[in-house]
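Data first, discussion second: the structure below is written as structure tokens.
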Amino acid sequence: MKIALGCDHAGFQLKKAVLDLLSDMGHEVLDSGTDSPESVDYPDFAHAAAERVKNKEADAAIVICGSGIGVSISANKVSGIRCALCLTPEMATLAREHNNANALAMGARFISEESAREIVSAFIKTPFEGGRHERRVEKIHKLSDC
């Protein structure tokens with residue numbers, strides 16, 4: 001898979017650990033920044049990663065900030081993105097199975113590197129169940145047309 005990564009300064013350290021994990025898993029990583037712990041604005045980097053999914057340059061995105069909330073909101077502003085803020089592997093599994101999430105948001109101030117590895121692994125390895133969930137995901141997309 002090709003995975004786009006984006007983070008702000010608060011998520012920089014965690015992004016490095018996620019990048020290493022994804023590389024070790026054999027995935028291609030498209031790093032959308034930031035590249036240091038210097039203060040930056042999270043919407044710029046979350047949007048850049050989400051756009052890579054929208055433009056089919058990447059299969060999924062992972063975005064990280066201090067809480068995960070700001071990057072999640074920012075990524076979800078991009079058409080076709082279903083970004084889920086996950087704090088546990090179980091949440092990541094459900095986000096994929098039930099919501100066909102194509103972006104994962106994490107909060108670096110709320111999870112450890114080990115937890116992030118488990119969350120990312122669950123997100124990457126879990127397929128969408130389809131079935132009854134299919135029509136619900138379609139309804140989500142129709143909401144953006146309102």
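None of the figures in this text is laboratory data; all of them are computed from the coordinates on show. As the structure is a computational prediction, the values presented were derived from the model and not from experiment.
Key figures for this structure:
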| item | result |
| --- | --- |
| Taking the chain and dividing mean pair separation by its residue count, relative contact order in percent (alpha carbons under 8 Å, at least six apart) | 23 percent |
| Eligible aspartates and glutamates near K142 by straight Cα distance, threshold 13 Å, same-chain separation 8 or greater | E134 |
| With Cα atoms, 0 to 90° folded angle of helix 12-24 axis to the chain main axis | 70 degrees |
| Helix 132-143 axis, angle to the chain major axis (alpha carbon atoms, nearest 10°) | 70 degrees |
| Acute angle (nearest 10 degrees) that the helix 113-125 long axis makes with the longest principal axis of the chain, alpha-carbon atoms | 30 degrees |
| Among (i) 17.3; (ii) 14.7; (iii) 21.1, the entry derived from the coordinates for Kirkwood radius over Cα pairs in Å | (ii) |
| Under-5 Å amide H pairs with L104, H placed in peptide plane, nonlocal only | A61, I62, V63, A84 |
| Cα-based reach from K15 at 29 Å (exclusive), listing lysines while leaving out same-chain residues under 8 positions away | K2, K54, K56, K77, K125 |
